[in-house]
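This report refers to the structure that appears directly beneath it.
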Amino acid sequence: MGRDFYQILGIDRGASDDDIKKAYRKAALKYHPDKNQSPGAEEKFKEISLAFEVLKDKQKREIYDRYGEEGLNGTPGGGGGAGGGSSNFQYGQNFDPHDLFNMMFGGAAGGGSSRAHNLFGSHFNSMGGNSSRSSFMDHDDFGGFGSSAFESNGFDFGSNGMGSRAKHRPLKKVDKLEHDLFISLEDLYHGITKRMKISRSRRKPTGVYRPEETILTIDVKPGWKEGTKITFNNEGDEKPNHSAGDIIFVLKEANHARFKRKGNDLVYTAEITLREALLGGTVTVPLLDGKKHHHKFKPLNDTAHKIRVVGLGMPLSKNPSQKGDLLIKFEVMFTGMSGEQRQLLADASCN
């Protein structure tokens, strides 16, 4: 008669489909070779998986109940399988218990994949880079797995005599979410840490997907430019048969009252009188670091004249100790001139 699959799973012959699934899950988690290192656990895990593979299928279970394990092979001693012919079930061939394990716990169904060390271990990387969460948890009276336990880069349970490596297609990733992040010019000059509260859909231990809030920390470095992208891998939405999506913040530079940014340079427009334009003067520029720069200038030769002051611009993101330049653009104001002054200016321009 071969092995007693009911006894292996610890159930009676009248067990329901739900009882069979529940027994398999409990036993498979107990004897999985990546969790249970005791001698014989690996072989026990294989037996448990084989028993479930047979009993979960109505046709295979019927053959087994009538003819035993030998009947599944279609051997003469077992009656030649169902109806006396050969069984369509190629018993024990091309069977990988880890594929079955993944399918039952949400990893391989739909093309998923996992790593055993992620299933039975837990680690958490600091925010701002990749993050992985503890994936082994209690659910009812057997272990359950959240979808975050499964990664998209393949899995390897190790060589166990049943196929050294199972290969699967990677999970399709949930669409990334992009958010604009507006930062003032002062904050881009000094650098700042932003904490952003976001809401995303996450799988709960019960298998239901619900909105969940979390805080993401963004370290804005001095000198960062508009368009810089800050990516948080796997911190986005989750949905069935997908790996978690990414959240991307796209840096936007808020408008400034005094300066316009041009690469690493800052452009400041100074309003001066006609007298200052003709005779020269001093302009005071309030800088982003709170200091003031007093700059003496000579008479201008045109109204679009610019002066470059080296080293008073934005920090360089790769080397904040170095800075761009300050460009002072002069704009001559003609308001407040008397009629006589305007006539003198007109006469001078004609000569």
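Residues of the stretch 36-47 being within 36 Å of the chain's Cα centre (by Cα) and not in a loop (DSSP other than H, G, I, E, B), which ones? Outline the logic, then answer.
Of all residues in the stretch 36-47, those within 36 Å of the chain's Cα centre (by Cα) come to 36-37, 41-42, 45-46.
Hits for the stretch 36-47 are A41, E42, F45, K46.
Considering H295, H305, which residue is in contact with a helix residue (DSSP H, G or I) (Cβ under 9 Å, 6 or more places away or on another chain) and surrounded by 13 or more Cβ atoms within 10 Å (Cβ to Cβ)? Full working, then the answer.
On the way: H295 fails: in contact with a helix residue (DSSP H, G or I) (Cβ under 9 Å, 6 or more places away or on another chain).
Sole residue among the options that is in contact with a helix residue (DSSP H, G or I) (Cβ under 9 Å, 6 or more places away or on another chain) and surrounded by 13 or more Cβ atoms within 10 Å (Cβ to Cβ): H305.
What's the number of the condition P240 fails, among (1) at pLDDT below 95; (2) closer than 30 Å to I183 by Cβ?
(2)
Can you confirm whether the stretch 293-307 contains a residue that is closer than 22 Å to S184 by Cβ, within 38 Å of the chain's Cα centre (by Cα), in a strand (DSSP E or B) and not assigned by TED's automatic domain parsing to the domain that holds G223? Spell out how you get there, then give the answer.
Start the filter on the stretch 293-307 by keeping residues that are closer than 22 Å to S184 by Cβ, which leaves 293.
So of that shortlist, the ones also within 38 Å of the chain's Cα centre (by Cα) come out as none.
Within the stretch 293-307, none of the residues are closer than 22 Å to S184 by Cβ, within 38 Å of the chain's Cα centre (by Cα), in a strand (DSSP E or B) and not assigned by TED's automatic domain parsing to the domain that holds G223.
Can you find, within the stretch 152-205, the residue that is modelled with the lowest pLDDT among those that are under 21 Å from K252 (Cβ atoms) and among the β-branched types (V, I, T)?
Looking at the filtered set, the residue picked out is I198.
So which residues in the stretch 1-47 are without any contact (Cβ under 8 Å) to a residue 60 or more places away in the chain and of a type in the set (A, V, I, L, M, F, W, C)?
Applying the first criterion (without any contact (Cβ under 8 Å) to a residue 60 or more places away in the chain) to the stretch 1-47 yields 4, 6-20, 23, 27, 30-31, 36-41, 43-45, 47.
Answer for the stretch 1-47, where residues must be without any contact (Cβ under 8 Å) to a residue 60 or more places away in the chain and of a type in the set (A, V, I, L, M, F, W, C): I8, L9, I11, A15, I20, A23, A27, A41, F45.
Among the residues of the stretch 284-308, write down those that are at pLDDT below 95 and either touching a His at 6+ places or on another chain (Cβ under 7 Å) or of a type in the set (V, I, T) (or both).
Result: T303, I307.
Would you confirm whether any residue within the stretch 208-216 is within 17 Å of the chain's Cα centre (by Cα) and buried (at least 17 other Cβ atoms within 10 Å of the Cβ)?
yes
Any idea which of F259, F232 is of a type in the set (F, W, Y) and farther than 26 Å from S321 by Cβ?
On the way: F259 fails: farther than 26 Å from S321 by Cβ.
Only one candidate passes the filter, namely F232.
The values are calculated or read from the model by the stated rules, or taken from the named source; none is laboratory data. Keep in mind that this is a model prediction, so the values were computed, not measured. With ideal geometry, Cβ positions are generated from the backbone for all residues, glycine too; neighbour counts draw on all protein chains shown.
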